[in-house]
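Asks: The structure is given below, and queries will be raised subsequently.
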Amino acid sequence: MPKGNPVTTEDILADKCDLEKRIERLNKKGERIKNEILTQIDMIDDPRYCEILEAYFIDCLDMEDIAEEMGYGPRHVYKLYSKAIERLVEFDSKRPVNWH
């Protein structure tokens, strides 16, 4: 038995409501982040890079699964992934800094 006051149904319902609100906030934040990632990926002109980055960052696939899905070897996918990240860094370095 826990020490102190017993847990009531009202306590459990209040905790449930708080958790549901937290989950909703996190889902909204996750959706915003996902949209930001897709916006950055869409700036890349090579569809292979886009496909790899989306599969990795949005679909949460590992490189071996991406390679199998795309019909490439894992080493080739790693090389394309590296080039895609370089391209993102290149775009990011050209973007003006927003201090606000």
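The values are calculated or read from the model by the stated rules, or taken from the named source; none is laboratory data. The shown structure was predicted, so the numbers you read here are calculated from the model rather than taken from an experiment. As a convention, Cβ positions derive from the backbone with ideal geometry for all residues, glycine included, and neighbour counts pool all protein chains shown.
Asks: Which one is surrounded by the fewest Cβ atoms within 10 Å (Cβ to Cβ) among residues in segment 70-81 that are in contact (Cβ under 8 Å) with a residue 12 or more places away in the chain and aromatic (Phe, Trp, Tyr)?
Replies: Among residues in segment 70-81 that are in contact (Cβ under 8 Å) with a residue 12 or more places away in the chain and aromatic (Phe, Trp, Tyr), the one surrounded by the fewest Cβ atoms within 10 Å (Cβ to Cβ) is TYR78.
Asks: Something else now. Quick one: how many residues across segment 55-92 are hydroxyl-bearing (Ser, Thr, Tyr) and closer than 25 Å to ASN27 by Cβ?
Replies: Final tally of qualifying residues: 1.
Asks: Turning to a different aspect of this structure: Assuming TYR56 fulfils every condition listed in (1) modelled with pLDDT under 95; (2) within 21 Å of the chain's Cα centre (by Cα) apart from one, which condition is it?
Replies: (1)
Asks: How many of the residues making up segment 1-53 are among the aliphatic types (A, V, I, L, M), under 15 Å from the mean Cα position of the chain (by Cα) and farther than 30 Å from HIS76 by Cα?
Replies: The qualifying residues number 1.
Asks: Also: Can you pull out every residue in segment 27-69 that is out of contact with any Leu (no Cβ under 8 Å at 6 or more places or on another chain), of a type outside the set (Phe, Trp, Tyr), farther than 17 Å from PHE91 by Cα and crowded, with 16+ Cβ neighbours inside 10 Å?
Replies: The answer is GLU51, LEU61, MET63, ILE66, ALA67.
Asks: Still on this model: Filtering segment 38-53 down to residues that are part of a helix (DSSP H, G or I) and closer than 14 Å to LYS83 by Cβ, which residue is modelled with the lowest pLDDT?
Replies: ILE41
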